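One structure below.
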Amino acid sequence: MYQTARIGIISISDRASTGVYEDKGLPALKEWLNAALHNPLQFVEELIPDEQPVIEQTLIELAAECCLVLTTGGTGPAPRDVTPEATLAIADKVLPGFGEQMRAVSLKYVPTAILSRQVGVVRGSCLILNLPGQPKAIKETLDGVFAAVPYGIDLIGGPYLETREEIVKAFRPKSAIKPLLPGA
Amino acid sequence: MYQTARIGIISISDRASTGVYEDKGLPALKEWLNAALHNPLQFVEELIPDEQPVIEQTLIELAAECCLVLTTGGTGPAPRDVTPEATLAIADKVLPGFGEQMRAVSLKYVPTAILSRQVGVVRGSCLILNLPGQPKAIKETLDGVFAAVPYGIDLIGGPYLETREEIVKAFRPKSAIKPLLPGA
Amino acid sequence: MYQTARIGIISISDRASTGVYEDKGLPALKEWLNAALHNPLQFVEELIPDEQPVIEQTLIELAAECCLVLTTGGTGPAPRDVTPEATLAIADKVLPGFGEQMRAVSLKYVPTAILSRQVGVVRGSCLILNLPGQPKAIKETLDGVFAAVPYGIDLIGGPYLETREEIVKAFRPKSAIKPLLPGA
């Protein structure tokens, strides 16, 4: 039996949130997560503009009820890109390895990955990761870093995530044990 | 036709700025930029000591009139090395990918690249990058990261830079469009 | 003749410091350093719990008398992991290259290296590095980054460290000169 996991997904875009174009971030996130995880997933979805106070408030609310929150969009150098600022503002701990490795993964595909300011942080017992805006880049990034996510969530007291190895093979040290109770 | 670009170059060194030895940073920066870019370039040049307030003031002034500011020198761990501190102090946004990738590039040549504290930031509509002090390392670093610079400058509202592909091939996503007017 | 070097080593663990299990961090650090360095070494050893004020105070004391301080433990994402926070709190300068490169080295062995928040900083004339908790990972990390440590210590005014090349080959630029007097 797999534990149910509640996952927050937030698409951050002025234009998608006002209907100027169709949001493709939330569908891409759900598709990847449903394919990669054995656990039954409950998604909490938000589509919001690039407004730092709105992003912060949304992250705070979703982090309180989810073990993992993924954002897409708003990580570039343009003035309206404020997703990393909002994420850092509400973080308890910053995990610099996620930003480094997400950029290193994307750099294999495009030199402009260097411009991304994505971060990974912990708030309470929730891991928050900023992902790129394009569906293709979302998939590439998750393929590249998700192996460490289940153990990261173990360490902050979340549910025991189990992955489909044909998509991504979660890594846990041999000392890690599967808890009998959720969050134990 | 290519748009004219105004580029600030700052050599930061107590000894070079007082004439103890000849500055080799500014010539190396100009040589690389002239070779790499099709655009007509106007350089604003400064040779200043390792004094944080002086560096900050110089960065503020040059960022107000340039689309790109490159510094050389003062990024090591020694007490007088304060270029990154000054750069961060006047930054609107930090782009951690530049520091990471500049070090990763230099690490291919020397293990001590790990000691460099170079950063890349945005101030207003100017991209600022800290480069190493040695002409050889300046060239290696620019060869390694410049492909992302033109699109980065597009995103913050600067002129449309075009590179000579035999030196460096600028990368822009297919969605990027060449503006009809400068800074549009 | 080799200069004597004083090195602080700190094992940070609630369980080891209260005797719940045996500390393996300090022996692993001493073994590696004794094998890698020609210099006669004086170790200052501490075994302390994951309490940020205790870690900060210990780092301050050891940094005042050592050229190098290595910590082991407390760098993960769990709430009790506060070694990086303590290290950053007492730092004069942060050297981001060490965190980046230590994670990059560990990533060759385990995907969960991305979760480590290790930092490298300078305080006064002391270099401080956070290492992982496991003896195997301590060795892998030091093997991977120590080549830059002797020159880093030169630059902040410490003793001239000389390594055994079969373990690690210290790198110094050709312009670096061996001082005649300690710390000169």
Go through the stretch A:54-96 and give me each residue that's farther than 30 Å from residue C:107 by Cα, within 11 Å of chain B (Cβ to nearest Cβ) and outside any loop (DSSP other than H, G, I, E, B). none
For residue B:179, only one of the following conditions fails: (1) modelled with pLDDT of 95 or more; (2) surrounded by fewer than 18 Cβ atoms within 10 Å (Cβ to Cβ). What is its number? (1)
Output for the stretch A:106-128, where each listed residue is within 14 Å of chain B (Cβ to nearest Cβ) and in a loop (DSSP other than H, G, I, E, B): A:108, A:109, A:110, A:116, A:117, A:118, A:119
Could you run through the stretch B:148-171 and say how many residues are buried (at least 19 other Cβ atoms within 10 Å of the Cβ) and either under 16 Å from residue B:38 (Cβ atoms) or more than 9 Å from every other protein chain (Cβ to nearest Cβ) (or both)? 12
Residue B:123 passes all but one of the listed conditions (1) of a type in the set (D, E, K, R); (2) in contact with an Asp or Glu (Cβ under 8 Å, 6 or more places away or on another chain); (3) without any contact (Cβ under 8 Å) to a residue 60 or more places away in the chain; the exception is number (3)
Meets criteria (in contact (Cβ under 8 Å) with a residue 12 or more places away in the chain, under 16 Å from the mean Cα position of the chain (by Cα) and more than 11 Å from every other protein chain (Cβ to nearest Cβ)) for residue C:131: yes
Can you tell me which residue is surrounded by the most Cβ atoms within 10 Å (Cβ to Cβ) among those in the stretch C:44-92 that are small (Gly, Ala, Ser) and in contact (Cβ under 8 Å) with a residue 12 or more places away in the chain? C:74
Checked the stretch A:144-176 for anything at pLDDT 95 or above, on the phi < 0 side of the Ramachandran plot and small (Gly, Ala, Ser); matches are A:144, A:147, A:148, A:152, A:158, A:170
Restricting to the stretch C:1-35, name every residue that is in a helix (DSSP H, G or I) and crowded, with 18+ Cβ neighbours inside 10 Å. C:16, C:17, C:25, C:26, C:28, C:29, C:32, C:33
Checking residue A:95 against (1) more than 19 Å from residue C:98 (Cβ to Cβ); (2) aliphatic (A, V, I, L, M); (3) in contact (Cβ under 8 Å) with a residue 40 or more places away in the chain, only one condition comes out false. Which one? (1)
Of the residues A:56, A:45, which is of a type in the set (Asp, Glu) and under 29 Å from residue C:81 (Cα atoms)? A:56
If you go through the stretch B:36-53, how many residues are under 19 Å from residue B:135 (Cα atoms) and outside any loop (DSSP other than H, G, I, E, B)? 8
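The values are calculated or read from the model by the stated rules, or taken from the named source; none is laboratory data. Please read these numbers as outputs of a predicted model, since none were measured by experiment. Glycine gets a Cβ as well: all are built from the backbone with ideal geometry, and neighbour counts include every protein chain shown.
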